[in-house]
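Some notes on the structure that comes next.
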Amino acid sequence: MDIATHIAALRAEGQLLADNAEAAGADAAVPTCPGWRVRDLVRHTGTVHRWAAAFVVEGHKRYQPDAGEPDLDGAELFAWFREGHGLLVEALEQAPDDLECWAFLPAPSARAFWARRQAHETAIHRVDSESALHAAERTALTPEFAVDGIDELLCGFHAREKSRVRSDEPKVLRVRATDADAVWTVHISEKVPVTTRDAEGPADCEISGPAARLYLALWNRLPTPPITGDATVARLWRETSAV
C-alpha cells in the first residue's frame, strides 16, 4: 500500500472512531479492551495521534515521550480528539517524501512509516469503538489493508526484542489469508520470532481465514479463527502477543 492510501485510511478510520465514541458516550464500556471506557480509548488514541504528529512536524530524530493524556471528558474530549486527528492527517499530507525523523519499525521512509503505523493504530481502535456500540456488524476492512496490517504486526512489531512471543521448544506458526495471496510463517523460539512471507516447510499450527478476520484475531480483537495442528501454538500467540 502507498502513503496516500494509508493517509486516506487514517482519515476515514479516525472519523469513524470519533463518530462511534460520541454515539456510545464517554462512559460506555469497551468490550475489546477490558477495563476501558470510551473516554480511555479516546484519550489514548488522541494522545498517540498528537505524539505521532510531533515527530512528523518537528522532525525529532530521537524518541520523545508523549505529552500525557488530557484531563478532558465528554464533548470537550471528543472535540480535542477530532482536532488532533485532523492535525495528524494534515501533517502527513504535507510532509515531504524525504522527511527525516524517528521511527521504530523498518519502512521505505519516515513518512511511509508514520502513515502506515497510524492508519493501523486508528483502524484497530475504531474496531474498539464499534465494540462499545455493540454494533451487529463491523465496518469492513479491505483484504489489502488487512494483509498490510498483518504484515506490519508479524514482520515489524514481532521482529523486535520487545516481542514476548517466545517458546523454550521451537514452534512454527503459519498464518494464511484465504481471500488474498498472502501467507506468513512465524518461527518461534527462545529468541525473537522470525517471520518469512512464504509457506515453506512444515508448521506446527496453521491459522487461516479471510484477511480481515485474521488481522483482528492476531490483534486479539476477535476469537482465533479455526486452526489446524497444535492448538497450544495459537494459544501461545493469544497469551503473549499483546503489543
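In whole percent, how big is the carbon plus sulfur part of the accessible area of the chain, probe 1.4 Å, protein atoms only?
Working: 5810 of 11450 Å².
The C+S portion of the solvent-accessible surface of the chain is 51 percent.
Using C-alpha pairs below 8 Å separated by at least 6 residues, the relative contact order for the chain is 18 percent. Computed 3J(HN,Hα) for region 164-175, one whole-Hz value per residue from the Karplus formula 6.51 cos²θ - 1.76 cosθ + 1.60 where θ = phi - 60°, is 9, 7, 9, 8, 4, 9, x, 9, 10, 10, 10, 10, glycine and proline marked x. For region 154-197, the alpha carbon positions stretch 32, 20, 12 Å along the principal axes, listed from largest to smallest. Residues whose amide H lies under 5 Å from that of residue 205, counting only those 5 or more places away or on a different chain, are 172, 174, 230; hydrogens are built 1.01 Å from N in the peptide plane.
Size check on the chain: the Cα extents along the three principal axes, sorted descending, read 52, 42, 31 Å.
For region 79-121, the equivalent ellipsoid derived from the Cα gyration tensor has semi-axes of 20, 12, 7 Å, listed largest first. In a GNM of the chain with a 10 Å cut-off on Cα contacts, which of 11, 221, 166 has the highest mean-square fluctuation? In this elastic network of the chain, the residue with the biggest mean-square fluctuation among 11, 221, 166 is 166. In order along region 95-106, the Karplus-derived 3J(HN,Hα) couplings, from 6.51 cos²θ - 1.76 cosθ + 1.60 at θ = phi - 60°, round to 5, x, 5, 9, 3, 10, 6, 5, 8, 10, 9, x Hz, and Gly and Pro are given as x.
Shown here is the pair-distance distribution of region 79-192: with all Cα-Cα distances grouped in 10 Å bins from zero up to the longest one, the shares run 11, 31, 36, 19, 3 percent. For region 80-87, the Karplus equation 6.51 cos²θ - 1.76 cosθ + 1.60, evaluated at θ = phi - 60°, returns couplings of 4, 4, 4, 5, x, 4, x, 4 Hz by residue, with Gly and Pro reported as x. Calculate log10 I(q)/I(0) of region 100-151 for q = 0.18, 0.20 Å⁻¹, where I(q) comes from the Debye formula with a single equal point scatterer on each Cα and nothing for solvent. Here the Debye-derived log intensity ratios amount to -0.66, -0.76. Considering every alpha-carbon pair of region 1-117, the percent of pairs per 5 Å bin, from zero through the bin containing the longest distance, is 2, 12, 22, 22, 18, 13, 8, 3, 0. Residues whose amide H lies under 5 Å from that of residue 36, counting only those 5 or more places away or on a different chain, are 30; hydrogens are built 1.01 Å from N in the peptide plane. The value for region 195-239 of Rg(Cα) / (2.2 N^0.38 Å) is 1.13. Relative contact order of region 170-243: 28 percent, from C-alpha pairs under 8 Å at least 6 residues apart in sequence.
A protection proxy built from the mean count of other Cβ atoms within 10 Å ranks the segments 200-210, 131-141, most packed first, as 200-210, 131-141. Ligands, DNA and RNA are left out, and with a 1.4 angstrom probe the accessible area of the chain is 47 Å² per residue.
The values are calculated or read from the model by the stated rules, or taken from the named source; none is laboratory data. Keep in mind the model is a prediction, meaning the values are calculated, not measured. Neighbour counts are summed over all protein chains in view; Cβ atoms, including those assigned to glycine, are modelled from backbone coordinates with ideal geometry. The protein model used for the area step is the full one, side chains on, heavy atoms only, and it has no ligands, DNA or RNA in it. Shrake-Rupley method; radii C 1.70, N 1.55, O 1.52, S 1.80 Å.
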